[in-house]
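First up is the structure itself, then whatever we jot down about it.
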Amino acid sequence: MTLPRGFKATAEREATRIRHEMGVSEGDPVNILSVAEHVQAIVVGADRLVAIERLEELERLQAYAFSAATFDVKGKSYIVTNPLRSRGRLASDVAHEIAHLLLQHDLTEIREIEGVPFRTCRPDEEEQATVFGGTLLLPRPLLLNAARRGLGPEQIAVAYGVTTEMARFRYTTTGVAKQVLRRPR
């Protein structure tokens, strides 16, 4: 997949705008649940809707089949998360769903796993939500500042409450890794 021209720069500007509206500097960690509240989305653990045993069964049948989903109920957005995920993964999942909302993606595709229907977006929209969600959590200025302080992806993940995979993804795709390597000592 290829993102539309200028998408990453737009995502950085939007993440900065949202952080500014919330009074969070681009160098500070952001509480993704506060971002959800800011965009008027309600986050609910799936275990409040179905028995945790059903979620565990789904996980056994197909690992990571369900991480989070967004539903519109009577004009309100609900982000339903999987409580079986780590804290860092939950942050990424919620950020991903917020990105779908902000990008106004249409949930059009329905897939069924073991009789449970799931709505999904098109692959290009999933890629956009992954990039934008990661930008909400770890904007480039935050990463650059952290890298200049000597933090690598693992330390960034711990410091900012995300997965190592997300920190590594943002660290490399933003060019911060290369920029820090080129910096004279």
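The values are calculated or read from the model by the stated rules, or taken from the named source; none is laboratory data. On a predicted model such as this, the values are computed, not experimentally measured, just so you know. So basically every Cβ, Gly included, is an ideal-geometry build from the backbone, and we count neighbours across all protein chains shown.
Yes/no matrix, rows are residues, columns are (1) more than 17 Å from T130 (Cα to Cα); (2) assigned to a helix (DSSP H, G or I):
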site	(1), (2)
E37	yes, yes
I42	yes, no
E53	yes, yes
L58	yes, yes
I98	no, yes
Looking at (1) more than 17 Å from the chain's Cα centre (by Cα); (2) more than 18 Å from G134 (Cα to Cα), find the lone condition where F66 falls short.
-> (1)
Name the residues in the range 14-35 that are surrounded by 13 or more Cβ atoms within 10 Å (Cβ to Cβ), part of a helix (DSSP H, G or I) and under 17 Å from the mean Cα position of the chain (by Cα), would you?
-> E14, A15, T16, I18, R19, I32, L33, V35
Filter result for A65 (assigned to a helix (DSSP H, G or I), on the phi < 0 side of the Ramachandran plot and small (G, A, S)) | no
Return the only residue of T135, T163, T130, T172 being under 23 Å from T10 (Cα atoms), touching a residue at least 60 places away in the same chain (Cβ under 8 Å) and within 19 Å of the chain's Cα centre (by Cα).
-> T135
Assess whether R5 counts as being surrounded by fewer than 17 Cβ atoms within 10 Å (Cβ to Cβ) and free of Cβ contacts under 8 Å to residues at least 60 places away in the same chain.
-> yes
Before we move on, is G161 under 21 Å from V24 (Cα atoms), surrounded by 21 or more Cβ atoms within 10 Å (Cβ to Cβ) and modelled with pLDDT of 85 or more?
-> no
